[in-house]
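**Student:** Pasting in a structure now, in structure tokens, and then I'll have a few things to ask.
The values are calculated or read from the model by the stated rules, or taken from the named source; none is laboratory data. Keep in mind that this is a model prediction, so the values were computed, not measured. Please note: Cβ atoms are built from the backbone with ideal geometry, for glycine as well, and neighbour counts cover all protein chains shown. Note: areas computed on protein heavy atoms with side chains; ligands, DNA, RNA excluded. Shrake-Rupley method; radii C 1.70, N 1.55, O 1.52, S 1.80 Å.
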Amino acid sequence: MSRATTGLSQRPPPHVAVFPSAEMGHLTPLLRVAAMLVSHNCSVTLITAQPPVSAAEATHITAFLAAYPTINRIDLQILPPTPSDPATSDPFVVQFEAIIRSGHLLTPLLSTTSPPISAIFSDIASVAGVCQVADDLDIPIYIVSITCARFSSFVAYMPNLVESGSSITMAESSIHVPGLVPFDISTLPPFFFIPNHIFTNCVVANSRVLTKAKGILLNTFHSFEPETIAAVNGGKVIPGFPPFLPIGPLKPHKLELGDRRPLPWLDQQPPQSVVYVCFGSRTAMSRDQIIELRNGLEGSGKQFLWVLKSRTVDKEDTEELEELLGNSFIERTKHKGMVVKGWVNQEEILSHPSIGVFLSHGGWNSVMEAAARGIPMLAWPPLGDQKVNAGVMEAAGLGIWEKGWGWLGEKTVKGEEIAEKVRMVMSDERLREKARKIGEEANKAIEVGGSSDKVLREIIENL
Ligand code: UDP
Ligand code: UDP
């Protein structure tokens, strides 16, 4: 029964602490959730792990809080990183681990807020450190998973797959999770099979506490992943597991950050004529692969907008475009394409009518942003959950996943092959139509009364 019908509407609004951990791919969906809570009249406190790793995180947090002045901010000074693990030099992973170790420092910060905190919404990547805080304060915890329902189900089941240490044994070519289509091991991140890998340790520690949550919020929508959501919520994967709560595609918040130069250029291009190329916030290709991609885009003969990032952490990404691509390419393609370095407003770009196809790494936020606008994708997944995401995206009919292109650094994909795929996807009218329909379904899900909207309202009524 809703709060309105029980007279509970007189209660003060719930006060939710929202805790993103690290990386733009985590911060973005958590900020979107925070903005959605504000739009449903919740009070929100945003917890920020200090210091953040990337410049993008720091500038987005500042700009977000300026755009939402009612949101309160609590900084959590995290403990220093552990001495670097030779298995990873990835600063975001080091940050996840440090945030988990620092979780207990939140209890004193949250126990004195006024009004008192009524629930914590924690990024899945730090929940092992945060769930004790919810216990200490005796408040519910909801987890925000930033990947698809299918990969979320896999990580939920991971504690059952690991015996000692935290890695999974690679005994067969696929891994069976009850109630789900088996996972081909070639699609799972290789670090899951490395004993005591720092990130796998974090994932498993987080997965072990998922059952303490009241629910797992997902940036997906029911008709995009119906079987997986039904299997989890029907108790087939893990009996008694908290519900998967699909509330996506998450709506963009009111924040306009990013290089605006592509927009006038896009305005000059015909509808659906441009290949938009972006590999997310942190995927850095090798120099050789950048050159092949450059050749592929030029060779495809299509218009392109390419957001080029050559380092994992943006602060270190200082090379000029000319150094990476060569002056002659930039001169030759000046009427055909545009390459930018640095942050763009991807939501705004994907909303532009000139975009025809999105060549993407398959980060889950990117998949949902394309789905929300009915843009067909060509997925080239190089890391982490991205192959599983690409499989879900392809099965839903939103795009094509090029399976032979390997993990990051595994091989160098030749320009001719890239050009051919780009041409193929750009000319696939059936795919375009299917993607358009997915865009309609995505928008129905988040309209008032749609499947995702109903789930969100119910979560808020129960806070
Ligand atoms: N993004 C953006 N501008 C950029 C790069 C990325 O707006 O220059 C956004 C993108 O729209 C998405 C997020 O950053 O919301 C990246 O998340 P995703 O899960 O797609 O990939 P990740 O960066 O985590 O690999
Ligand atoms: N992930 C998870 N539990 C965790 C940390 C990460 O399930 O404790 C998932 C996360 O949702 C993501 C995947 O593992 O889908 C890879 O993590 P991340 O996005 O940080 O790395 P990326 O793929 O962007 O390099």
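**Student:** Normalised radius of gyration for the range 262-427, please: alpha carbon Rg relative to 2.2 N^0.38 Å, two decimal places.
**Tutor:** After normalising by residue count via 2.2 N^0.38 Å, the value is 0.94.
**Student:** Hey, another quick one. Keeping every protein chain present and rolling a 1.4 Å probe, give me the accessible area per residue for the chain in Å².
**Tutor:** 41 Å²
**Student:** Still on this model: In whole angstrom, and with the biggest value first, how far do the Cα coordinates of the range 144-215 range along each principal axis?
**Tutor:** Sorted largest first, the three principal extents are 34, 27, 19 Å.
**Student:** Could you work out the local net charge near G326, counting Lys and Arg as +1, Asp and Glu as -1, over the other residues with Cβ closer than 10 Å to its Cβ? List each step's numbers first, then the result.
**Tutor:** Values: positive: R294, R332; negative: E322, E323, E331.
That works out to -1.
**Student:** Here is a follow-up. What shape does the range 216-261 have by the C-alpha gyration tensor, where a ≥ b ≥ c are the square roots of the eigenvalues, rounded means a/c under 1.5, and otherwise prolate means a/b greater than b/c and oblate the rest?
**Tutor:** Numbers: a/c = 4.39, a/b = 3.02, b/c = 1.45.
Prolate.
**Student:** Return the FRET efficiency for the residue pair E256, E172: r is the Cβ-Cβ distance, R0 is 45 Å, and the value is rounded to the nearest 0.05.
**Tutor:** Efficiency, from the Cβ-Cβ distance: 0.40.
**Student:** Between helix 55-67 and the chain, what is the angle of the helix's C-alpha long axis to the longest principal axis, kept within 0 to 90° and rounded to the nearest 10?
**Tutor:** Roughly 60 degrees, rounded to the nearest 10.
**Student:** Under unit Cβ charges (Lys, Arg +1; Asp, Glu -1), what dipole magnitude, rounded to 20 debye, does the chain have relative to its Cα centre?
**Tutor:** Approximately 840 debye in magnitude.
**Student:** Taking amide hydrogens as modeled 1.01 Å from N in the peptide plane, which residues meet the under 5 Å criterion relative to F304, leaving out close sequence neighbours?
**Tutor:** Distant-sequence amide H within range of F304: V275, G337, M338.
**Student:** Ignoring everything but the protein chains, give the 1.4 Å probe accessible area of K302 in square angstrom, nearest 10.
**Tutor:** 70 Å²
**Student:** Ignoring solvent entirely, what values of log10 I(q)/I(0) come out of the Debye formula for the range 336-463 at 0.16, 0.23 Å⁻¹ when each Cα is a single scatterer?
**Tutor:** Values returned for q = 0.16, 0.23 Å⁻¹ are -0.86, -1.45.
**Student:** R0 = 25 Å: FRET efficiency of N196 with E410, Cβ-based, nearest 0.05?
**Tutor:** Efficiency at R0 = 25 Å is approximately 0.65.
**Student:** Just to confirm the number: angle between the C-alpha axis of helix 386-396 and the first principal axis of the chain, 0 to 90 degrees, nearest 10?
**Tutor:** 80 degrees
**Student:** Now, a different point. Let me check against my output: what whole-number percent is the relative contact order of the chain, with C-alpha pairs under 8 Å and at least 6 apart? Spell out each step's value before the answer.
**Tutor:** Working: 854 pairs, mean separation 68.5, N = 463.
Relative contact order, the chain: 15 percent.
**Student:** Amide H neighbours of D75 under 5 Å, at least 5 residues apart or on other chains, H built in the peptide plane: list them.
**Tutor:** For D75, whose amide H was placed from the backbone, the distant partners under 5 Å are T48.
**Student:** Also, I was wondering about something else. Tabulate in residue order the Karplus-calculated ³J(HN,Hα) for the range 245-252, using 6.51 cos²θ - 1.76 cosθ + 1.60 with θ = phi - 60°, rounded to whole Hz; enter x for Gly and Pro.
**Tutor:** 10, x, 10, x, x, 4, 6, x
**Student:** What figure, in Å² to the nearest 10, do you get for the accessible area of H253 with a 1.4 Å probe and non-protein molecules left out?
**Tutor:** Probe radius 1.4 Å; accessible area of H253 about 30 Å².
**Student:** Can you pull the Kirkwood radius for the chain, inverse mean 1/r over Cα pairs, to one decimal in Å?
**Tutor:** 22.7 Å
**Student:** Given K336/K421; K421/K444; K302/K334; K403/K434, which pairs have Cα atoms separated by over 23 Å?
**Tutor:** Cα-Cα > 23 Å for K421/K444; rest within.
**Student:** Same structure again: When DSSP assigns beta bridges and you keep just the ones with both residues in the chain, what percent turn out antiparallel, to the nearest 5?
**Tutor:** 5 percent
**Student:** Carbon and sulfur atoms: what percent of the 1.4 Å accessible area of the chain do they account for?
**Tutor:** 54 percent
**Student:** What are the semi-axes of the equivalent ellipsoid for the range 388-463, taken as the square roots of 5 times the Cα gyration tensor eigenvalues, largest first, in whole Å?
**Tutor:** 35, 18, 7
**Student:** Okay, next question. Picking from S166, A390, Q272, whose Cα lies most toward the positive end of the charge dipole for the chain (charges on Cβ: Lys, Arg +1; Asp, Glu -1)?
**Tutor:** Positive-end residue among those listed: Q272.
**Student:** Explain nothing, just the number: relative contact order of the range 238-321, from Cα pairs under 8 Å at least 6 residues apart, as a whole percent.
**Tutor:** Relative contact order, the range 238-321: 32 percent.
**Student:** By the gyration tensor of its Cα atoms, with a ≥ b ≥ c the square roots of the eigenvalues, what is the shape of the range 350-425: rounded for a/c under 1.5, prolate for a/b over b/c, or oblate?
**Tutor:** Oblate, because a/c is 1.5 or more while a/b does not exceed b/c.
**Student:** Another question, then. What number, rounded to the nearest 500 deg cm²/dmol, is the helix-based mean residue ellipticity at 222 nm of the chain, given -39500 (n - 2.57) per DSSP H run of at least four residues and division by all its residues?
**Tutor:** The helix contribution divided over the chain gives -12000 deg cm²/dmol.
**Student:** Related question: Label the range 289-374 by shape, choosing from rounded, prolate and oblate, from the square roots a ≥ b ≥ c of the eigenvalues of the Cα gyration tensor; if a/c is under 1.5 it is rounded, and otherwise prolate applies when a/b is larger than b/c, oblate when it is not.
**Tutor:** Oblate, because a/c is 1.5 or more while a/b does not exceed b/c.
**Student:** Which cross-chain or sequence-distant (5 or more) residues have an amide H under 5 Å from the amide H of L217, H modelled 1.01 Å from N in plane?
**Tutor:** I143, V144, S145, L245
**Student:** Whole-Hz Karplus ³J(HN,Hα) for the range 172-188, in order, using 6.51 cos²θ - 1.76 cosθ + 1.60 and θ = phi - 60°, x for Gly and Pro?
**Tutor:** Karplus-based 3J(HN,Hα) across the range 172-188 equals 10, 7, 9, 10, 9, 10, x, x, 10, 4, x, 9, 5, 5, 5, 9, 8 Hz.
**Student:** Let me ask you something else. Name the lysines eligible as straight-distance cross-link partners of K212: C-alpha to C-alpha under 21 Å, and not fewer than 8 places from it in the same chain.
**Tutor:** Of all the lysines, those that pass the test against K212 - Cα under 21 Å, at least 8 places apart if same chain - are K236.
**Student:** Just to check I understand the Karplus step: with θ = phi - 60° and J = 6.51 cos²θ - 1.76 cosθ + 1.60, what whole-Hz values come out for the range 190-206, glycine and proline as x?
**Tutor:** Ordered by residue, 3J(HN,Hα) equals x, 5, 5, 9, 9, x, 6, 5, 4, 6, 5, 4, 5, 4, 5, 4, 5 Hz.
**Student:** Another question about this same structure. Considering only protein heavy atoms, what is the solvent-accessible area of D267 at a probe of 1.4 Å, reported in Å² to the nearest 10?
**Tutor:** Roughly 110 Å² of D267 is accessible to a 1.4 Å probe.
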